[in-house]
1. Out of 247, 235, report the one residue that is closer than 26 Å to residue 158 by Cβ and without any contact (Cβ under 8 Å) to a residue 24 or more places away in the chain.
2. Kindly indicate whether residue 215 is basic (Lys, Arg) and free of Cβ contacts under 8 Å to residues at least 12 places away in the same chain.
3. Of these, 237, 216, 246, 223, which one is open to solvent by 20 Å² or more (accessible area, probe 1.4 Å), hydroxyl-bearing (Ser, Thr, Tyr) and in a loop (DSSP other than H, G, I, E, B)?
4. What are the residue pairs meeting all of these: first residue in region 130-154, first residue within 15 Å of residue 258 (Cα to Cα) and open to solvent by 30 Å² or more (accessible area, probe 1.4 Å), second residue of a type outside the set (Gly, Ala, Ser) and assigned to a strand (DSSP E or B), Cβ atoms under 7 Å, and 6 or more apart or on different chains?
5. Answer yes or no as to whether residue 45 is in a strand (DSSP E or B), modelled with pLDDT of 85 or more and either touching a Phe, Trp or Tyr at 6+ places or on another chain (Cβ under 6 Å) or buried (at least 17 other Cβ atoms within 10 Å of the Cβ) (or both).
6. In region 189-213, what residues are surrounded by fewer than 15 Cβ atoms within 10 Å (Cβ to Cβ) and in a strand (DSSP E or B)?
7. Just checking, how many residues over region 83-142 are part of a helix (DSSP H, G or I) and farther than 22 Å from residue 60 by Cα?
8. Can you tell me which of 68, 75 is farther than 30 Å from residue 134 by Cβ, of a type outside the set (Lys, Arg), at pLDDT 85 or above and part of a helix (DSSP H, G or I)?
Amino acid sequence: MSATFSLTNPLPAPALSHPRVDGVQVFEGDAVATEIEALGLPEYIHRPQPLYAAFVKCRYVLALLLLAATGGTLAFLYEQIRMEGQLGQLNDPWVMGGMGLVGAIVLAGAVCLTRISGAKASVFFYDEAALVVEGKKKTLIPWTQLLWHSGRIWTEGGQQFRCAWMEDHDRFEERIWAKTSEHWVPAQLAKIRAGQTVTCGELSLSATHVGCEGKTASWDDVTKLVIDINNYFHSLTIFTSHSSWTSWAFADLRTMPNRRGMEELIAQVCPSHLLVPVD
């Protein structure tokens, strides 16, 4: 017997045994595909934050209102100056410069408003995969192939889903990291042990080498790894026997997809004596 539920309001039916999801699958239309039904009930559901979503939806109107209000204010000031017979003040470069600066700031603010993009996708957490729903499009992504970076869910094939402002966003992100640790890290570790190289951003790892900034060094040549985490930096610095005074390579982990997963991989792949904590 298969469980049937609405993606909006799941019924309290018992979950089925979870089938294996081998690859990214895309479904179109209102109907719930049998592949999704077979997953049972989602563990968690995270949707876009309603207030921010409403703000993003109205951003063009807000930009127009900002421009109209500023234009109206400047027109009012001009009329006041004209009525007082002081239009000569507009020849003052400081006055003109000030008005021009205000206009430029407001125009830049309006442009920034139009470029704001918020969360568009709802994300359903299952044991084996995440289901990303955007309108009538549903994308099923195995946790072993899901990447998380800069408020976006990525797939290995290059698809992106904006998830920057979600309800309970901190917990949403932590759950993604938990799934990364549970599924993605073991899958990548298995690839490394099978002789493959795993690459995320500018950092690559294999059983014998580490790569960064387009360079590759064997683990035998690496003398020290330093992972620095604080309020301003989240970085990896690599030293080799050929770089005694300066670092051999530096990676900004904040720019790296699945950075926490890569940190776990580094700890499991590199020789244990190489990781040095920062004082």
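1. Unique residue meeting the criteria: 235.
2. In short, no.
3. 246
4. That search, which allows pairs on different chains as well, returns 145/155; 152/160; 152/161; 152/162; 154/147; 154/160.
5. yes
6. Selection gives 199 alone.
7. 15
8. Testing whether each residue is farther than 30 Å from residue 134 by Cβ, of a type outside the set (Lys, Arg), at pLDDT 85 or above and part of a helix (DSSP H, G or I) leaves just 68.
The values are calculated or read from the model by the stated rules, or taken from the named source; none is laboratory data. Since the structure is predicted, the reported quantities are computational estimates derived from the model, not experimental observations. Here Cβ is always computed from backbone atoms with ideal geometry, including for glycine, and neighbour counts include all displayed protein chains. When the accessible area is computed, the model is the full protein with side chains, heavy atoms only, and any ligands, DNA or RNA have been set aside. Shrake-Rupley method; radii C 1.70, N 1.55, O 1.52, S 1.80 Å.
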